[in-house]
1. With Cβ to Cβ distances under 15 Å as the rule, what net charge do the other residues near residue 85 carry (K, R +1; D, E -1)?
2. Which far-off residues, 5 or more places away or on another chain, put their amide H under 5 Å from the one on residue 177, with H placed in the peptide plane?
3. Counting Lys and Arg as +1 and Asp and Glu as -1, what is the net charge of the other residues whose Cβ lies under 14 Å from the Cβ of residue 191?
4. Each residue of segment 130-141 in turn: what ³J(HN,Hα) in whole Hz from Karplus with 6.51, -1.76, 1.60 and θ = phi - 60°, glycine and Pro shown as x?
5. Can you tell me the FRET efficiency between residue 78 and residue 143 if r is taken as the Cβ-Cβ distance and R0 is 41 Å, rounded to the nearest 0.05?
6. Once each part is reduced to its C-alpha centroid, what is the distance from segment 71-96 to segment 115-166 in angstrom?
7. Show me, for segment 83-97, the HN-Hα J-couplings you get by feeding each phi into the Karplus relation (A = 6.51, B = -1.76, C = 1.60, θ = phi - 60°), rounded to Hz, glycine and proline as x.
Amino acid sequence: MTEESKGFDKEPDVPSDAAESESATPDDEAAKAAGSAPEAEPAAPAGDANQITALKAQLDQSRTALTERTGDLQRLQAEYQNYRRRVERDRIAVKEVAVANLLTELLPVLDDIGRARDHGELVGGFKSVGESLETVVAKLGLQQFGKEGEPFDPLVHEALMHSYSPDVTQTTCVQILQPGYRIGERTIRPARVAVAEPQPGAAGKGEDEASDEESGGPEEG
């Protein structure tokens, strides 16, 4: 046959994808696969690590400073409390000294009132004034002490007169010449008294009598 067959005069159509796949080389396929793979995360820069280290060091310094400042504050509070206690103690001491000095100046007046009362002269308006003064000094803490018959105590008594008596077994206050005064536990004037002691040899005589009674009495000649 000399004539060409109909229908075969044109080249057949080939899909473009297939053509590209046929014409693609192995290197192109590797590059395409690499491009379609997920991208890897980049490594952290060295500058960020240094910055984190610096921040941690700064945080440690801040904590150390905070601890030191807290200790300083606690010491200051303790010193302030001690200061307040000292001021309060000194204030009370100054007040007590001032009151004691004032009352010491009033003791002669109180002695005069006491003598007037003993002689029956505390009457009328003088009695009212005297009792009012005694009430005021009592409110300020002044206390009178000293009574006849109590044992002599050199810490609170001042002996102005001395005698012997068979009626006492120890040194005893037999007369109060001037009463003593105190504020709390502080004596601002001792009681001025007359004292009596046992008769010399009275104690020895009593011991001899006691020994005679135990032995059945003195021996007869």
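Throughout, read-outs are computed from the coordinates displayed, never taken from laboratory work. Since the structure is predicted, the reported quantities are computational estimates derived from the model, not experimental observations. Note: ideal-geometry Cβ built from the backbone for every residue, glycine included; neighbour counts use all protein chains shown.
1. In short, +1.
2. Placed amide hydrogens put 192, 193, 194 under 5 Å from residue 177.
3. Local charge sum for residue 191: -1.
4. Running phi through 6.51 cos²θ - 1.76 cosθ + 1.60 with θ = phi - 60° gives x, 5, 5, 5, 5, 5, 5, 5, 5, 5, 7, x Hz.
5. The computed FRET efficiency comes out at 0.60.
6. Cα centroid to Cα centroid, the span is 40 Å.
7. 4, 4, 5, 5, 4, 5, 5, 5, 5, 5, 5, 5, 5, 5, 5
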